Amino acid sequence: MKIETEELEDREVQLTVEVPGERLQSAMRTTARRLSHETKIPGFRPGKAPYNIVVQKFGEEVVFQETMDDLGQEIYRQALDQSELEPYGPGSLNEVVSRDPLVLRYTVPLLPEVDLGDYRELRLPYEEPEVSDETLDEAMERLRQTRALIEPVDRPVQLSDVVVIDIKGDLREPPDDENATILDNKGIEILVTEDTDWPVPGIAEHLLGLEIGNERDFEYTFPEDYPSEELRDLIADFHIKCLEVKSRFVPEWTDDLARNIGEYNDLLDLRLKLRESLQERTQQEAEAEFAQQAIEATVEGASIHFPPLMLQEETHELVTELERSLQEQNLSLDDYLKIEKKSDEELRTELEPRARKRLSRALVLGKIVEMEKIEVSEDEVNSEIDRIVAPFKEHSEELRKSFDNPIGRRRLSLDLLTNKAIKRIVAIARGEADRSPEPTEAAREERTPEEDNLENLEKE
């Protein structure tokens, strides 16, 4: 068997394999015997019809294609062994170049390659976040607004009131095959302020002055930059009926109000603890944003190559995730495609950039795990299981079973590896990482590329 290899772009290799024509003829005769055994041919016992009779009945092309289903895979496996290639996944038979001799051309996807470059030289500026007095005051005001006292009143609607209405909106000239009604809500509550923009901007001016039982009509032209493209430049007629008017009184801050909100000694105690809470949240947000920036910078500085098959699989995973999300809303993927007026192919094309970005990120994190000799111990996995099940108390043991098994432990281990890789990238970017990590004893053991490849890491 003669084999020629040619490197293609994107981690693929073209294999051109030549085998003697006699092998094809022998395989086709085997196929013919099988066909004659499976199908009754008049005048012959099962499996005893001559080759030329079988070819005459089924056609030479059918016999050839049936033969290649098995022979093509057999030759492919032998060619891989002989060429010592390490494929990422199954290859494909692209072309039968000739039949005598039999020459087949395959495309083989290879394992991804990731070169992180000088990733340990990465440095990004980081400033410890601070909660300003203005931010604290805004949070205090939002908290104060939650203590508003609301009660029905018999008077026209004023600013800061809560109004209960029925509202219906119809497009004046709906697009073909579209329902004219775009809104039909009963008993909806709206806080009337100058900034109220639901269901459309400027709704407040049509609510002010209404009394219980009043009805009012108005029209609205959706601007050309309206978020919902299908409504842009269209005119809608709205009808409002006022059902109830409620006044809204917001008390001023006092020590008593602070104590009523929670376990606070006084107003000062509330401000201090709210600042601490805001500081903690701001710190978490800043660290998460910095981690994202560090990961993106590491990915940008890396050279990443993967076969198209990996991208197809990642895109398929995104489609599967979308399908699961739709099922929670009692929708099918077909329903979604009809609503969005997209084909399955268009959806996959739309998702491909996101899949490429996620795959690149995952491969880089996997390479960080390899380069930094990052490991997860069994004790760490046990601790993670304990942490997850702890809040569920009486159901903790039942939940533990779903994690404390080979598959569950492997998944948690990969999650922990990913988290450690992210922390390592952050430490490097902040200049806090050791220059050259010392590998542990286990890390010195020989690993295969598959074990550390990111396709095994849990995708985020």
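The values are calculated or read from the model by the stated rules, or taken from the named source; none is laboratory data. Just so you know, these numbers come straight off a predicted model, no measurement behind them. Because the Cβ atoms are built from the backbone with ideal geometry, glycine has one as well, and the counts that use them run over all protein chains shown.
Things worth noting here:
- Sole exception among (1) loosely packed, with under 15 Cβ neighbours inside 10 Å; (2) outside any helix (DSSP H, G or I) for TYR264, by number: (1)
- Test for ARG361: is it touching a residue at least 24 places away in the same chain (Cβ under 8 Å), within 23 Å of ASP415 (Cβ to Cβ) and either of a type outside the set (S, T, N, Q) or in the same structural domain as GLY89 (by TED's automatic domain parsing) (or both): yes
- Taking every residue in the stretch 343-357 that is without any contact (Cβ under 8 Å) to a residue 12 or more places away in the chain and pairing it with any residue that is of a type outside the set (Val, Ile, Thr) and not in a helix (DSSP H, G or I), at least 6 positions away or on another chain, the pairs with Cβ-Cβ distances below 9 Å are GLU350/LYS342.
- Checked across the stretch 204-222, the condition of being assigned to a loop (DSSP other than H, G, I, E, B), without any contact (Cβ under 8 Å) to a residue 12 or more places away in the chain, out of contact with any Pro (no Cβ under 8 Å at 6 or more places or on another chain) and not charged (D, E, K, R) holds for no residue.
- Matching option when the condition is modelled with pLDDT of 95 or more and in the same structural domain as VAL364 (by TED's automatic domain parsing), among ALA258, ALA236, ALA291: ALA291
- Subset of the stretch 326-346 (residues that are surrounded by 12 or more Cβ atoms within 10 Å (Cβ to Cβ) and in a helix (DSSP H, G or I)): LEU326, LEU333, ASP335, TYR336, LEU337, GLU346
- Residues that are acidic (Asp, Glu) and part of a loop (DSSP other than H, G, I, E, B) were ranked within the stretch 232-254; the one that is nearest to GLU141 (Cα to Cα) is GLU252.
Results for (1) hydroxyl-bearing (Ser, Thr, Tyr); (2) under 36 Å from the mean Cα position of the chain (by Cα); (3) within 30 Å of GLU313 (Cβ to Cβ), shown as yes or no for each residue.
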position	(1), (2), (3)
GLU38	no, no, no
TYR51	yes, no, no
GLN56	no, no, no
GLU74	no, no, yes
GLN78	no, no, yes
VAL96	no, no, yes
LEU104	no, no, yes
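- Highlighted here are the strands (runs of 3 or more DSSP E) found entirely within the stretch 96-195 that include at least 1 residues which are within 30 Å of GLY21 (Cβ to Cβ): 102-109.
- Residue match in the stretch 148-156 (condition: touching a strand residue (DSSP E or B) at 6+ places or on another chain (Cβ under 8 Å), surrounded by fewer than 11 Cβ atoms within 10 Å (Cβ to Cβ), closer than 26 Å to GLU205 by Cα and of a type in the set (A, V, I, L, M)): yes
- Positions within the stretch 87-138 being within 30 Å of THR254 (Cβ to Cβ) and buried (at least 17 other Cβ atoms within 10 Å of the Cβ), in sequence order: VAL131
- For the stretch 380-432, a residue qualifies if it is under 26 Å from VAL364 (Cα atoms), among the aliphatic types (A, V, I, L, M) and without any contact (Cβ under 8 Å) to a residue 24 or more places away in the chain, and the qualifying residues are ILE407, ALA427.
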